[in-house]
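Here's the structure, in structure tokens; my notes come after.
Throughout, read-outs are computed from the coordinates displayed, never taken from laboratory work. If you're wondering where the values come from, they're calculated on a predicted model, not measured in any experiment. FYI the Cβ positions are ideal-geometry reconstructions off the backbone, even for glycines, and counts take in every protein chain you see.
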Amino acid sequence: MVRFLVGLFIFILSIFQAETLKAANQREGFEKDFQIVNHPEEFIPGWSGNELRASSSRIFQSSQGRNASKALAVQPISTFDGKVFIRLNPNMYENPKIQFWARAVRNGSGTRPAVVFYSFEKSLENDPSNWFRLGSENEFANEDQEFRKFEILLPEELSAEPEIFLKLEIRFGSGTGSCARFLMDDFEFGDIEEDLEAPKILRVRGYDNKTIELSFSEKLDPVFSQIQLNYLMGEKEPESAILRQDSLVYLSFEDALDHKGLFDLRVRQIADLEGNFLEDTLVNFTFFDPTNIPYKTLVINELMPAPRDGNDLPNVEYIELLHIGDYPVRVEGVQISNSRNTTTLGNFWLEPDSYTILAPTNQANQFLPFGSVIPVSSWPTLLNSGDRVQLSDRNGKEIDQVSYTTASWKGTEFSGGGYSLEVVNPFLRCDQSSFLLSSRSSFRGTPGQENSVFDLSPDLVKPELLAFEFLNEQTLVLTFSEPLQTLYFPNFLSFQEIIEIDSVGINSDEVTLFFQNPFPENNPVTLKIHGFQDCSGNELEEIEIIIIRPSEAQIGDVMINEVLFNSRTGSPKFVELINATNRYLELRDWKLANLDAQGKVNQVRAISDRSLVIPPKAQLAISTDTVQLKFDYPLSSMGLFHQINTLPSYPIAGGTVVLLAPSDELAESFRYSERLHHPLLRDTKGVSLERISLQTPASVMANWHSASGTMGYATPGIKNSQLIEEEFLGNIIQIDPEVFDPEGSNGNTFTSIRYELNEPGWVGTFRIYDMAGRIVAILAQNEILGTSGLYSWTGTNSNGGRVRTGYYILVADLFDLNGNVRQIKKTIIIAERL
């Protein structure tokens, strides 16, 4: 009994092994490269030919096979008929037969067909005894044909042979001129089962807003599949039915289909190539237009602007897209652009939750090991220094955009080290530019996979308003502390006064208001803001702010008011400007400069290329380090400051501060030197020069004086310590102050002597006398006077020494060319610390 069971097992095993062997048909798709050898050597296993070529002549490998594959090609000419020898093994199969696909391709304008004959022989040494023609004389006419399936039955007497040879001869047909080219593909020999199964519908999906795509389980009959009557959606037949790639049918309708609508599709009388018909089928499906790609459906998830040779990733730029939508999208016509170029993507499908790598066409294959790749022709080369990358749909509507600068990498070792820039949380529905980070992957990038910096940690911080500026009289920009969602409703912004908003634009952390009419100039208007949300949905708290549209500053409105040119070690220099008007002034595009050795304007530095408003009568200190400046002069820490990258060179030995209007017209200049400082100062390091009077030109040396020690020897951003504020009282000569201490124990360290005359042409001499009638100092000697002017006395004598405490007399002798003479005397008191 045991012996019987063992024998039965061996018998069954032998049958199974035999079935396994018979199932392996001999197939050839001609995808492997041909060896350029001639018969009897084989150019691919089991195949040889009488003359193989690497070029498109004789017998060669063609790229015009089925479905864009490769194929065997033979080109007959008057002196050459192609001969192909195929080794077959019939005894491995029960009912073997031959099946292949073939067609003709036009070659020139001749009328000769390629005539194909075949025969079977047991040996290559035997000459064919019987030739059989494949099809008619013009089966392969000189024209571009579609592939057709051919079958050749094996003669019964050869079916048990262990090895035979099929010989094909492709001959130069009759006619005139050139001959057709013959192509063969998908050759198969063995037990070929007859196809009795009807095609099945595998998938129905949208293709565009009027077209759906049907995918079938096998190749379809090209006639039945393109009959419009065979399809009915609801009560409508399609306008067209087109078969592509053998098993895909595209149905186009007259009207656009409802996006996300439910549809019933009836399909009937669809046959495969063997004549098997699909039973009448009803398909229910939801239609999604894959070309409808809403904002943030595709996210620019990663950028590689500056790849580097020697890293693990290819030395190729790439852009990674992440599809976070809920239905497949088709990106044909989608545009990818940067600041300089725009290109269009080809016909590719992206599935939800999938990553796709965009790369230049000629280098895209290098990313195949990393995931799905879309080759992009005319690649928009990304700028290493910074760029803006935008993805737009076929109608130009933005899908996503990301901007970056060298600062986005957070360090030169990353910006120059071949690191990609990755998005932290791709599900935030706003501009991700400020959230980009350098990749943390050891590969320095993560193309085709989750980002190394991926983080869904919640953001609980509410956005805040940081600043506002007017771009012009009808455009206001509000800048917030972080990017905002683009969601906007009219009640988010409201003015207490009648201000009509025409439209609102949201871009990252900026909200731009466009007004229907010019915004009132220098008129405070209250704006209430609320409702705006950041990327995580945190809502801005309701706030009210005063909006003022400043006037454009004119020459004479803004003046040089204070200069620190000899700063302490580690402390920055500064130039202070003052608004001499009662209006808010715009300083955008105003400039500071100096003069070169030839007296020409040099080293021009823009104060600000964005809005910079200075309030009425306010002072603005401009420096390269405002934090340090406030630390060094704490009494001025509450003043107005503005930081710029570099100041023009203002040497300690002396130089000229130049103020230029936006038109580059000279607004004012001040030639400074150490000699303008108070003569009693032992060390002028860290001591600024302050302007005494705005009514007196900056070019008048007496209009500048050392800042008071009681204010820390400089007053950046606040009122000058030595400023003359009183209006002229109408007297010819006015002293201010009448009492002062040259040592600066309290108040001014000098006195100002101002004069005002009713007409020009006067000549004057100004002397200081002590109570004994001795001359102490001469301020002016026979100087031609203007209608107004200023002198100062620092409480020192002609030798630069400090005078004693007590009373002194200013004597001003004035005369004109008409012989008029006047002498004016004023008392000045020198005080000292008690």
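Side notes on the structure shown:
- Distance from the alpha carbon centroid of the range 746-786 to that of the range 228-280 works out to 105 angstrom.
- A P(r) calculated from all alpha carbon pairs of the range 726-834, with 10 Å bins opening at zero, reads 14, 47, 30, 8, 1 percent.
- For a straight C-alpha distance cut-off of 14 angstrom, the aspartates and glutamates reachable from residue 685 (same-chain residues fewer than eight places away being disregarded) are 632, 674.
- Annotation: cysteines of the chain without a disulfide-compatible partner (Cβ-Cβ under 4.7 angstrom) are 179.
- Virtual spin-label span in nm between residue 132 and residue 824, 7 Å along Cα→Cβ: 13.2
- Stokes-Einstein diffusion for the range 335-435 at 20 °C, viscosity 1.002 mPa s, with a Kirkwood radius from C-alpha pairs, works out to 143 µm²/s.
- Amide H contacts of residue 612 (H built 1.01 Å from N, in plane; Pro and chain starts excluded): 587, 588 sit under 5 Å, all sequence-distant by 5 or more or on other chains.
- Note on the chain: helix-only mean residue ellipticity at 222 nm, from DSSP H runs of 4+ residues weighted -39500 (n - 2.57) and normalised by residue number, equals -1000 deg cm²/dmol.
- Once the Cα gyration tensor of the range 176-313 is diagonalised, semi-axes √(5λ) in Å: 33, 29, 16
- Mean shadow area of the range 261-348 over all directions, Cα convex hull, nm²: 10.4
- Protection-proxy order for peptides 678-689, 521-532, 123-134, each taking the mean of Cβ atoms within 10 Å per residue, highest first: 678-689, 521-532, 123-134
- Annotation for the range 210-295: trypsin sites (Lys or Arg not before Pro) lying in DSSP loop with at most 15 further Cβ atoms inside 10 Å of their Cβ are 260.
- R0 of 56 Å, Cβ-Cβ distance residue 489-residue 273: FRET efficiency to nearest 0.05: 0.40
- The range 51-198 - convex hull of alpha carbons, volume per residue in Å³: 131
- A simple rule links phi to the HN-Hα coupling: the Karplus curve 6.51 cos²θ - 1.76 cosθ + 1.60 with θ = phi - 60°, which for the range 175-186 gives x, 10, x, 6, 10, 4, 9, 9, 10, 10, 8, 6 Hz, with x for Gly and Pro.
- Span from the the range 621-682 Cα centroid across to the the range 94-156 one, whole angstrom: 94
- Each residue of the range 683-690 was assigned a 3J(HN,Hα) from its phi angle through the Karplus curve 6.51 cos²θ - 1.76 cosθ + 1.60 (θ = phi - 60°); the sequence is 9, 9, 5, x, 9, 8, 9, 10 Hz, with glycine and proline shown as x.
- If you look at the Cα atoms of the range 465-549, you get an Rg and a Dmax of 12.1, 37 Å.
- Under 5 Å from the amide H of residue 762 lie the amide H atoms of 785, each residue being 5 or more positions distant or on a separate chain, with H modelled from the backbone and absent for Pro and chain starts.
- The trypsin sites (Lys or Arg not before Pro) of the range 741-834 meeting both criteria, a DSSP state outside H, G, I, E and B (loop) and at most 14 other C-beta atoms within 10 angstrom of the site's C-beta, are 774, 804, 833.
- Sparse-neighbour loop sites [chymotrypsin sites (Phe, Trp or Tyr not before Pro); the range 410-455; at most 13 other C-beta within 10 Å; DSSP]: 427
- For the range 383-436, radius of gyration divided by Kirkwood radius, i.e. Rg to Rh on alpha-carbons: 1.02
- Anchor residue 210: lysines whose Cα lies under 19 Å away (excluding residues fewer than 8 positions away in-chain): 236, 260
- Protection-proxy order for peptides 618-624, 639-645, each taking the mean of Cβ atoms within 10 Å per residue, highest first: 618-624, 639-645
- One Cα centroid belongs to the range 540-586, the other to the range 591-607; the line between them spans 20 Å.
- √(5λ) per eigenvalue of the Cα gyration tensor, the range 550-724, largest first, Å: 22, 18, 16
- Restricting the calculation to Cα atoms, every distinct pair contributes to the Kirkwood radius of the range 365-501, found to be 18.3 Å.
- Rounded if a/c under 1.5, otherwise prolate or oblate - the range 520-596, Cα gyration tensor axes: oblate
- 0 to 90° range, to nearest 10: angle between helix 2-22 axis and the chain longest Cα axis: 70
- Volume in Å³ per residue [convex hull over Cα atoms, computed for the chain]: 323
- For the set 410/573; 149/219; 573/630; 97/200; 600/719; 97/167, the pairs lying more than 21 angstrom apart at their alpha carbons are 410/573; 97/200; 600/719.
- For residue 453, the residues 5 or more places off, or on other chains, whose built amide H falls under 5 Å of its own are 440.
- Per-residue Cβ neighbour rank within 10 angstrom, fewest leading, 638, 92: 638, 92
- Across the range 31-46, computed HN-Hα scalar couplings (Karplus, 6.51 cos²θ - 1.76 cosθ + 1.60, θ = phi - 60°) run 7, 6, 4, 6, 7, 8, 9, 10, 3, x, 5, 8, 7, 9, x, x Hz from first to last residue, x flagging Gly and Pro.
- Relative contact order (percent, whole number), the range 176-275, Cα cutoff 8 Å, 6+ residue spacing: 28
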